[in-house]
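Shown next, in structure tokens, is the structure this report addresses.
Every number in this text was worked out from the coordinates using simple rules, so none of it is lab data. Since we're looking at a predicted model, the values are computed, not measured. As a convention, Cβ positions derive from the backbone with ideal geometry for all residues, glycine included, and neighbour counts pool all protein chains shown.
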Amino acid sequence: MPRVTIHKRGEAFTDDVADDSNLVVRAGIRKFPWPHLRYGCGMGKCGKCACRVLSGSEHLPVPNWKEERVLGERLAAGFRLPCQLWITHDIELAQDD
Ligand code: FES
């Protein structure tokens, strides 16, 4: 069961999620990391869910074309779109306001 930590506003929030969880889908049904994760479209278009991956990026798939289009140079800085990710391993994310 992956353990997810999200850093926001100087605080860290942690919980376990089922294998293969999408964090934006979970937030949409009011499960962790709601309300700590900002999100919008859920479809890789708006960029509102963008987070910097602090640890666990080695377990993520390569960015898809939506992440490449929305994040651009931020990809190289470690940003990903959680709405495009299905979590199978522990991960630590940071989201700015
Ligand atoms: S919620 Fe819109 S890009 Fe992820």
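Remark on the chain: Rg and Dmax equal 11.9, 32 Å (Cα only). Computed per residue of the chain from DSSP H runs no shorter than four, each worth -39500 (n - 2.57), the mean residue ellipticity at 222 nm is -3000 deg cm²/dmol. Taking trypsin sites (Lys or Arg not before Pro) in DSSP loop states with no more than 10 other Cβ atoms inside 10 Å as exposed sites, the chain has its longest site-free stretch at 31-97.
Under 5 Å between amide hydrogens, built in the peptide plane, is the criterion, and for SER21 it picks out ILE87 among residues at least 5 positions away or on other chains.
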